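Input: a single structure, listed below in structure tokens.
The values are calculated or read from the model by the stated rules, or taken from the named source; none is laboratory data. The structure presented is a predicted model; accordingly, all values stated were derived computationally and were not measured. Please note: Cβ atoms are built from the backbone with ideal geometry, for glycine as well, and neighbour counts cover all protein chains shown. These accessible areas exclude ligands, DNA and RNA; they are computed on the full protein's heavy atoms, side chains included. Shrake-Rupley method; radii C 1.70, N 1.55, O 1.52, S 1.80 Å.
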Amino acid sequence: MHRRRCRFQIFAAATRASVTAVVAVLALAALSRAARAADTGTAPIAGPRAPADIDPAGIVFYPDEGRLEIKGTHLDGLRIGWTVPGPPATSGDDVCRDPKPIGSGGAQQCVFAVPKNLPLGSLFRILPEAPAEITVSGAAKAPPPPLPPPTLKPSRIVVDHLLPATATVDLAAGVGHVALLHPEAVASVDCAAARCELLDTGVEVRGVAAAAANVTLRLRLAPHISIRKGETLDTTQSATLAVLHCTAAIVSGEPLRHADGTRVIVRLDERCGGDARNLRWTVNGESVEVQRVEHVREGIYVQLGTSELESAQATVVATRPEPDGSVIAVARSATRSAPQPRVTLELEGFGRIDFIPTNRDALVQPAPCGVHSHLVLLPIESAYQVTVVKGVTHVRGEPQGSGFVALRFGYRVDTLPDVFATTDLAVVDEPLQRPLREASVPAPFSASSLSQTPLIDLICADGQGRPVHIAPGVQASIPFSQRDSCHLVIHRERLRVEDGTQDISVEVNVTKVDDNPRAGAQLIERMVLRPGAEPRVFWLRGVKAQFDRLTVRVSHIVDEAHDVGGSDLHVSVPSVQWAVVVGEGRLRFYATAAIPTGLFRMTEPTDVLTLNFGVLSRLTWLDREGHEGLLGLEFGAMGIGLAATPGFPRTLAVLAGVGVGVPIGNRGEPSQASVNLHAWAAYELRHDFPLDPTNPDGPQASHWSFLFGPSITFGNVGTNL
């Protein structure tokens, strides 16, 4: 301690001498630059700045705030550097810009930013400006080596704290040691009811009574050093510190404020925690219960159950039972606000939901709640159940549950030993309440694999009356005689409880072969399906003619407030459709009236027969939907040349050939009209006449002819083969 007083006296005496040396060095540097410029005949690059005049009493160092104040004149541009001993040594500097005027006579004040918590013995130096190069006879000459920078000594040092905020007297090892933030700032120390000795790193405390709960330290600061107390400065500080007979620490993280079921886990040394259950424990002055004591390799862990915490700090104190009542251990920790759980529920394959389903599991995804901590969903009896499979949490409401409920979570810390891995340190509730209800998931109607059975079947009869399962999405055909055999079977017994209520629509349409709807054969039926023991049968009616097309479509009715997925289901909702053509003919033989508008007789005598009329029978093929082919074989009788045709008599012809028919309007029922192009071989039932009317005895025209030309046909009476 005597050595430290001498050190501070030398420090104060050297301060004024150092500042004086600074001024002298700056003045000599300026004169030297001017002399060298005169010798070389070259003017300096810039005129010398007026040397700074520093007030030795105005140098104040604030290590806890990270600043150095200097008062004087001509401070603008003054550069101050500092060095922090290592290893490794670090250094830095700052420049005074725009000094603050104070008082009169040109006095100024500059504040230099320095790193916080610099040692009180840090060295500060005035760094000179870099000298300019000097030119001698046109050649550059390097500046002379710089003089060592002068040092500055603060005349006053102001600290904010001497003791850590959590300082205690730990007597677990027999001798207590109190660490000091600035041990070099303390000149002496006194302790009430104990013996204290000042060391280089702190205060050593001895001779504390066994029943003493506190020790009061009185610290006196060294000369020129002060401590800030509000708006005033003082040279002494008194502090009352708790006496710890055993090292203790809160290892469960920062306890939560305003949470239910708060627990705190404290770690004690093996040598003093053997009777942890017999000690009296308090948290913030209130008695708490010892819920669990575990001996782990690192020490003894004590789990305490506390009431709801409200203060910003939690102080755990362990004392011996009465009548001793001495303090064994003290542990402190800041508290934190209870996290607000942010959770998303999701049905796998269907997206997020905002309710708790009662008929299937929902995936729970809580948001992170902090570093080294997480939330675990807790079950609530009669509300919902929780299952965890391979680290994935699922929730399902009770089957008979209803109403609203908030999800409850346990707060856990990851850094605790394994024996406390499942310990809930607090219980927090989700801020919103979720409804408990059934989740309706649109179930697929058809089987997605060979091992599955469809939910809905369309069954019709074949030509022998045997039932046939109609495949969805593929057009099928059945005989016209079995037109009333089709029925829809809805297998309620195949519905799963997980799928919930199914709201479906059954739409039946019957169209003619020309794709026009058949009157009175359309039906739309809405059904609500729930799992049941028996299937529901829906018979289909409305087929009236050959090749009527029966279309059945079953789809889900999307209710955004009821079905899972909401508006997203509009593009992904399951549906199924069947198409059945009632009729199996491949050929059609029918009769039709034909009016050829202009037949050309290609054999002699060639001519255009302008007016013709007759009846044709036609044989053509049919596609699977009953539409006639364009090309057909034709037979018939035709009155030809009915209008006056020069050189050709009116006659009746029996003909056969081929024709191409294009329906007028939609291709459809057989009764519609067509535009045709024919090529016929004909035998004309007429009297003979000469090829050359001017030569009656010349060659006679043949009764066989070849006719080619267009026509319009009306009517279609026949049968399908």
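Is it the case that region 4-15 has a residue that's at pLDDT 70 or above and crowded, with 16+ Cβ neighbours inside 10 Å? No - not one qualifying residue is present in region 4-15. Pairs linking a residue in region 399-420 that is in a strand (DSSP E or B) to a residue that is among the acidic types (Asp, Glu), with Cβ atoms under 8 Å and 6 or more positions apart or on different chains, are Arg408/Asp429; Arg408/Glu430; Phe409/Asp429; Phe409/Glu430; Gly410/Asp424; Tyr411/Asp424; Arg412/Asp424.
Within region 577-607, the set of residues being open to solvent by 50 Å² or more (accessible area, probe 1.4 Å) and touching a residue at least 12 places away in the same chain (Cβ under 8 Å) comprises Gln577, Glu584, Arg586, Leu587, Phe589, Ile595, Thr597, Phe600, Met602, Glu604. If you go through region 187-227 and keep only what is open to solvent by 80 Å² or more (accessible area, probe 1.4 Å) and under 58 Å from the mean Cα position of the chain (by Cα), you end up with Asp200, Thr201, Asn214, Arg218.
Quick check on region 482-496. Is at least one of its residues in contact (Cβ under 8 Å) with a residue 60 or more places away in the chain, over 17 Å from Gln577 (Cα atoms), acidic (Asp, Glu) and in a helix (DSSP H, G or I)? Scanning region 482-496 turns up no residue that is in contact (Cβ under 8 Å) with a residue 60 or more places away in the chain, over 17 Å from Gln577 (Cα atoms), acidic (Asp, Glu) and in a helix (DSSP H, G or I). Kindly indicate whether any position in region 246-263 is within 18 Å of Val290 (Cβ to Cβ), assigned to a strand (DSSP E or B) and open to solvent by 60 Å² or more (accessible area, probe 1.4 Å). The answer is yes; a qualifying residue exists. Taking the condition of being open to solvent by less than 80 Å² (accessible area, probe 1.4 Å), out of contact with any Pro (no Cβ under 9 Å at 6 or more places or on another chain) and without any contact (Cβ under 8 Å) to a residue 40 or more places away in the chain, how many residues in region 228-240 meet it? Final tally of qualifying residues: 4.
When the criteria are applied in full, Leu488 meets the requirement of being within 47 Å of the chain's Cα centre (by Cα) and modelled with pLDDT of 90 or more. The residues of region 268-292 that are open to solvent by 90 Å² or more (accessible area, probe 1.4 Å) and within 15 Å of Ile328 (Cα to Cα), listed by number, are Glu270, Arg271, Arg277, Asn278, Arg280. Beta carbons closer than 7 Å, at least 6 apart along the sequence or on distinct chains, pair a first residue in region 93-108 that is more than 21 Å from Leu123 (Cα to Cα) with a second that is assigned to a strand (DSSP E or B) and of a type in the set (Val, Ile, Thr) for Gly106/Thr73; Ala107/Thr73; Gln108/Thr73.
Is region 104-114 home to any residue that is of a type in the set (Gly, Ala, Ser) and modelled with pLDDT of 85 or more? Yes: region 104-114 contains one or more residues that are of a type in the set (Gly, Ala, Ser) and modelled with pLDDT of 85 or more.
Across region 684-694, which residue is modelled with the lowest pLDDT among those that are open to solvent by 70 Å² or more (accessible area, probe 1.4 Å) and in a loop (DSSP other than H, G, I, E, B)?
It comes out as Pro693.
Got at least one residue in region 354-367 being β-branched (Val, Ile, Thr), at pLDDT 90 or above, buried (at least 19 other Cβ atoms within 10 Å of the Cβ) and part of a strand (DSSP E or B)?
The initial filter retains those residues of region 354-367 that are β-branched (Val, Ile, Thr), namely 356, 358, 364.
Add one more test, that the residue is at pLDDT 90 or above, and what stays is 356, 358, 364.
After this cut, where a residue has to be buried (at least 19 other Cβ atoms within 10 Å of the Cβ) as well, the list is 356, 358, 364.
If we keep only those that are part of a strand (DSSP E or B) too, we end up with 356, 364.
Within region 354-367, one or more residues are β-branched (Val, Ile, Thr), at pLDDT 90 or above, buried (at least 19 other Cβ atoms within 10 Å of the Cβ) and part of a strand (DSSP E or B).
The listed residues are Leu425, Leu377, and the only one of them that is within 27 Å of Glu254 (Cβ to Cβ), within 26 Å of the chain's Cα centre (by Cα) and open to solvent by less than 40 Å² (accessible area, probe 1.4 Å) turns out to be Leu377. Could you tell me which residue of region 390-422 is nearest to the chain's Cα centre (by Cα), considering only residues that are open to solvent by 30 Å² or more (accessible area, probe 1.4 Å) and aliphatic (A, V, I, L, M)? Per the criteria, the residue is Val392. Looking at region 264-294, which of its residues are under 24 Å from Ala179 (Cα atoms) and in a strand (DSSP E or B)? Scanning region 264-294 gives Val266, Arg267, Leu268.
Taking every residue in region 464-477 that is open to solvent by less than 70 Å² (accessible area, probe 1.4 Å) and pairing it with any residue that is small (Gly, Ala, Ser) and in a loop (DSSP other than H, G, I, E, B), at least 6 positions away or on another chain, the pairs with Cβ-Cβ distances below 6 Å are Pro472/Ser446.
Checking the condition hydroxyl-bearing (Ser, Thr, Tyr), free of Cβ contacts under 8 Å to residues at least 40 places away in the same chain and closer than 30 Å to Gly500 by Cβ, which residue from Ser382, Ser287 passes?
It is Ser382.
In region 310-336, of all residues being open to solvent by 70 Å² or more (accessible area, probe 1.4 Å) and part of a strand (DSSP E or B), the one that is nearest to Ala367 (Cα to Cα) corresponds to Gln313.
Taken over region 544-576, the criterion of being outside any loop (DSSP other than H, G, I, E, B), open to solvent by 80 Å² or more (accessible area, probe 1.4 Å) and either modelled with pLDDT of 90 or more or among the β-branched types (Val, Ile, Thr) (or both) is satisfied by Arg553 alone. Quick one: what pairs do we get from region 684-702, first residue farther than 25 Å from Leu642 by Cβ, second open to solvent by 70 Å² or more (accessible area, probe 1.4 Å), C-beta under 7 Å, 6+ apart or different chains? Note: pairs meeting the criteria are Gly698/Leu691; Gly698/Asp692; Pro699/Leu691.
Among the residues here, Ile265 qualifies as β-branched (Val, Ile, Thr), closer than 28 Å to Glu430 by Cα and in contact with a helix residue (DSSP H, G or I) (Cβ under 9 Å, 6 or more places away or on another chain).
Taking the listed residues Val264, Val243, Val317, the one that is in contact (Cβ under 8 Å) with a residue 24 or more places away in the chain and under 30 Å from Glu184 (Cα atoms) is Val243, with no other qualifying. All conditions but one from (1) open to solvent by 20 Å² or more (accessible area, probe 1.4 Å); (2) closer than 19 Å to Val497 by Cβ; (3) of a type outside the set (Lys, Arg); (4) outside any strand (DSSP E or B) apply to Ser446; the one that does not is (2). Within region 118-138, is there a residue that is hydrophobic (A, V, I, L, M, F, W, C), open to solvent by 20 Å² or more (accessible area, probe 1.4 Å) and modelled with pLDDT of 90 or more? No, region 118-138 has no match at all.
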